[in-house]
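Below is one structure, written out as structure tokens, with a few remarks after it.
The values are calculated or read from the model by the stated rules, or taken from the named source; none is laboratory data. Model, not experiment: these values are computed from the prediction. Heads up, the Cβs are rebuilt from the backbone with ideal geometry, glycines too, and the neighbour counts pull from every protein chain shown. We work out accessible area using only protein heavy atoms, side chains counted, and drop any ligands, DNA or RNA first. Shrake-Rupley method; radii C 1.70, N 1.55, O 1.52, S 1.80 Å.
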Amino acid sequence: MIPVVVRNIVTEAQGVVRVVLGSTDGAALPDFEAGAHIDVHLPGGLIRQYSLCRMQAEAQYYEIAVLKDPQSRGGSAAIHQLAIGHSLFISPPKNHFSLVKTKRNSLLVAGGIGVTPMLPMAQQLEKMGLPFEFHYCAKLPETAAFSAALEKSSFATKMYFHYSQVAGSGRMDVVNVLSCHSNDSELYVCGPAEFISYVLLQAKMLGWPEERLHREFFSAPIVDEAMSENTAFKVKIHSTGEMFDVEADQSIFEVLDNNGVFLAVSCESGVCGTCQTGVIDGVPDHRDVFLTDKEHAQGKLVMPCCSRSRTPVLELDL
């Protein structure tokens with residue numbers, strides 16, 4: 001864990017604050033690439049993941065931007081209660097949403113606070129002289145974090161703003177934008193879960209290959225309970241042969257934790273990938289949004305925080 005201090009707090013848009021975190025002794029913090037996030041350990045024991053929203057101008061600082069979500073489970077509310085001088089612990093940067101090393105065009109699509117990992121992506125692509133197009137969707141300019149800075153950025157000519165509640169702007173024509181780039185681009189999308197799901201669905205319908213679709217969810221989509229009725233099953237630990245019952249109202253993680261089997265967990269909703277575990281035998285019932293469709297079909301990995309089993313026994317590589 002890395003100790004940091006809140007050095008500054010800036011309001012970036014309605015309900016959005018940018019928090020500047022600095023090392024406690026002025027020393028450089030670990031380097032990171034665009035798309036990276038950190039785990040922030042908040043007061044009360046909460047651990048939440050937030051994208052680093054700018055490339056490091058100064059090595060001793062990280063920046064995150066957080067929307068105060070009415071449906072928050074406590075994380076965004078805790079961030080908005082921070083003050084300059086507060087001490088926190090963070091993880092080193094992790095990156096599950098990195099730019100693909102290619103000279104192909106990059107299509108960046110951000111919905112609302114999903115702009116946070118996209119901003120450093122645009123900065124990195126511009127610095128490398130690689131082609132890209134950046135579409136930013138929000139309700140109004142005043143709700144769009146960093147919009148003023150993006151309008152004046154070195155890549156302003158590559159920016160397209162779509163404000164759904166502004167006459168003359170309106171919602172992004174997703175099909176048209178995706179159609180213009182389906183043959184030559186990598187797609188990166190981030191934002192509300194339903195927004196990401198819609199963009200990815202349209203891309204797949206237009207024939208985009210899955211390996212060129214890159215996304216990062218901040219929260220899991222709402223699950224249709226009628227389609228995901230839970231049943232009991234057993235989980236087996238490969239290294240010891242131990243078998244544990246997972247009841248319909250329990251997660252695999254809860255059962256493992258109750259029986260002294262350690263598994264690192266963070267988001268508890270299948271978003272962050274922290275608890276990713278190998279599957280030796282059995283068929284997972286995937287409930288996460290971290291793994292790709294191909295990885296789901298292969299059935300070699302599972303997220304024990306939220307996923308279940310389609311077979312009576314699920315043997316884990318633990």
**OP:** Look at Leu29 and say whether it is under 21 Å from Gln124 (Cα atoms), more than 21 Å from the chain's Cα centre (by Cα) and not small (Gly, Ala, Ser).
**Re:** yes
**OP:** Report, ordered by the first and then the second residue, all pairs with beta carbons closer than 6 Å, sequence separation of six or more or different chains, a first member in the stretch 68-93 that is under 14 Å from Val16 (Cβ atoms) and touching a residue at least 60 places away in the same chain (Cβ under 8 Å), and a second member that is charged (D, E, K, R) and assigned to a loop (DSSP other than H, G, I, E, B).
**Re:** His80/Lys68
Subject >> Tally of residues being touching an Asp or Glu at 6+ places or on another chain (Cβ under 9 Å) and open to solvent by 40 Å² or more (accessible area, probe 1.4 Å) across the stretch 150-162 >> reply: 4
Original post:
How many residues are of a type in the set (A, V, I, L, M, F, W, C) and either surrounded by fewer than 18 Cβ atoms within 10 Å (Cβ to Cβ) or more than 12 Å from the chain's Cα centre (by Cα) (or both) if we restrict to the stretch 35-51?
Top reply: 4
Original post:
What number of residues within the stretch 49-67 satisfy the criterion of being among the charged types (D, E, K, R) and touching a residue at least 60 places away in the same chain (Cβ under 8 Å)?
Top reply: 1
Original post:
With (1) open to solvent by 50 Å² or more (accessible area, probe 1.4 Å); (2) at pLDDT below 90; (3) of a type outside the set (D, E, K, R) as the list, and Thr292 as the residue in question, which single condition is left unmet?
Top reply: (1)
Original post:
Quick check: anything in the stretch 240-249 part of a helix (DSSP H, G or I) and closer than 30 Å to Leu42 by Cβ?
Top reply: no
Original post:
Scanning the stretch 251-273 for residues that are in contact with a Leu (Cβ under 9 Å, 6 or more places away or on another chain) and part of a loop (DSSP other than H, G, I, E, B), which turns out nearest to His37 (Cα to Cα)?
Top reply: Gly273
Original post:
Regarding Val166, is this residue surrounded by 14 or more Cβ atoms within 10 Å (Cβ to Cβ) and either at pLDDT 90 or above or touching a strand residue (DSSP E or B) at 6+ places or on another chain (Cβ under 8 Å) (or both)?
Top reply: no
Subject >> Arg54 vs. criteria surrounded by 17 or more Cβ atoms within 10 Å (Cβ to Cβ) and of a type in the set (D, E, K, R) >> reply: yes
**OP:** Inspect the stretch 82-102 for any residue being touching a strand residue (DSSP E or B) at 6+ places or on another chain (Cβ under 8 Å) and part of a helix (DSSP H, G or I) and give the result as yes or no.
**Re:** no
Original post:
Can you tell me which residues in the stretch 1-28 are polar (S, T, N, Q) and touching a strand residue (DSSP E or B) at 6+ places or on another chain (Cβ under 7 Å)?
Top reply: Asn8, Thr11, Ser23, Thr24
**OP:** Considering every residue within the stretch 102-111, establish whether at least one is under 23 Å from Thr292 (Cα atoms), in contact (Cβ under 8 Å) with a residue 60 or more places away in the chain and loosely packed, with under 15 Cβ neighbours inside 10 Å.
**Re:** yes
Original post:
Of the numbered conditions (1) of a type in the set (S, T, N, Q); (2) open to solvent by 60 Å² or more (accessible area, probe 1.4 Å); (3) under 20 Å from Ser197 (Cβ atoms), Ser307 satisfies every one except a single condition; which is it?
Top reply: (2)
